[in-house]
């Protein structure tokens, strides 16, 4: 199946490989050497499920389970080696998901961003980002090619009151000084005077206001072009601890993409545990000898696999759209299919 994935990927990217004149060494070692473990681990529960069905249905076809059960061995004892195998695969997948795959993704995604996605440009408009406590950055639009912004404003809020605002026609990133160069800058500062309750009744706001205009200005803020790169390039290269810290920073900034990052973190744990559930389902439905034989078991297995993937996509959509908590949404398919596994286990031959 991984060979099929590689063939499809080559057919999709072949024009880029030729037009960019990418060295074969980089294609093999930077892209496909990291492509194989990424997709192999991503679909490991489904590959395990299909392998269990193939192996178990062949045993059932040769009436092996009738002989084993007739000797007094329980179905739970038959299931034990399957669960040990599923446990080893799950542990390996967790280690890969949280620590090893993110490191290999740095090379794979770096290759894609360099050669395949070099024409990427964000289509976000009217972007709001909290760059510090009480400081909000507004951007009319961002250009990834030039690392420039048009129509920007930086607003400062303290005690639910605006204390200052900076507006500029545009700003551009200076990689040498790691700062932003602003053009046609207007600054407004509000200094609130102390007021008693009687005075506040007469005037809604009691403050002093200063204005300043400069044709250009250089500033340093907690925002850089790295914050506007492809979303996949942000979280797929982070290990568990880095991703957790990244989510905390994004929450402080008021990012609208926090749900996507949380879904990624919880999926890295939830998806490997599906190996246990799918293994129980696979053994339960394929251990009984039926007229359709191996073909019927494989067909049923593929249907259940497709249903699981569909549920996973639907539930994560609920999370990213704000209809459900990310952790709950990611674990819903495992919870639902756990009940399916228990039902099939109870109906398996004894």
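Each reported figure results from applying straightforward, stated rules to the coordinates on display, with no laboratory input. In this text, all values refer to a predicted model and were calculated from it rather than measured experimentally. Reconstructed Cβ throughout: ideal geometry from the backbone, glycine too, with neighbour counts over all protein chains shown.
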Rounded to 0.05, the calculated FRET efficiency for the beta carbons of residue 231 and residue 2 at R₀ = 25 Å is 0.50
Going by how many other beta carbons lie within 10 Å of each one, how would you line up 308, 138, 266, fewest first?
-> 138, 266, 308
Kindly put 173, 180 in sequence by how many other C-beta atoms sit within 10 Å of each C-beta, fewest to most.
-> 173, 180
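For the chain, compute Rg over Rh where Rg is the Cα radius of gyration and Rh is the Kirkwood radius from the inverse mean 1/r over Cα pairs. Kindly include the intermediate steps, with their values, before the conclusion.
Working: Rg = 28.1 Å, Rh = 24.7 Å.
Looking at the chain, the ratio lands at 1.14.
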Rounded to one decimal in nm, the spacing of the 7 Å Cα→Cβ label points at residue 298 and residue 327 is 4.1
On a 0 to 90 degree scale, rounded to 10, what angle separates helix 44-61 from the longest Cα axis of the chain?
-> 10
To the nearest 0.05, how large is the calculated FRET efficiency for residue 24 and residue 107 if R₀ is 22 Å and r is the Cβ-Cβ distance?
-> 0.85
Taking Cα atoms, the helix 240-253 axis meets the longest principal axis of the chain at an angle in degrees (rounded to 10) of 40
What ranking, highest mean first, results for peptides 159-172, 39-52 when packing means the other Cβ atoms within 10 Å averaged over each residue?
-> 39-52, 159-172
Among 17-27, 236-246, the order from most to least packed when residues are scored by Cβ within 10 Å on average = 236-246, 17-27
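Using the beta-carbon distance between residue 162 and residue 10 and R0 = 45 Å, what value does 1/(1 + (r/R0)^6) give for FRET efficiency, to the nearest 0.05? Display every interim value, and only then the final one.
Working: r = 55 Å, r/R0 = 1.23.
Calculated value: 0.25.
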Take the Cα coordinates of the range 125-228, assign each an equal point scatterer, and use the Debye formula without solvent to give log10 I(q)/I(0) at q = 0.18 Å⁻¹.
-> -0.88
Potential extension, residue 174-residue 288 segment - 0.36 nm per residue separation minus Cα distance = 34.3 nm
Going by how many other beta carbons lie within 10 Å of each one, how would you line up 128, 297, 313, fewest first?
-> 313, 128, 297
Tell me, in nm to one decimal, what length is gained between residue 153 and residue 252 on full extension, where the rule is 0.36 nm per residue of separation less the Cα-Cα distance?
-> 33.8 nm
Relative to the longest principal Cα axis of the chain, at what angle does helix 101-111 sit, 0 to 90 degrees, rounded to 10?
-> 60
Take the alpha carbon atoms of the range 259-275, find their center, do the same for the range 277-350, and report the distance between the two centers in whole angstrom.
-> 16
Taking the alpha-carbon centroid of each part, what is the distance from the range 52-86 to the range 219-240 in angstrom?
-> 49
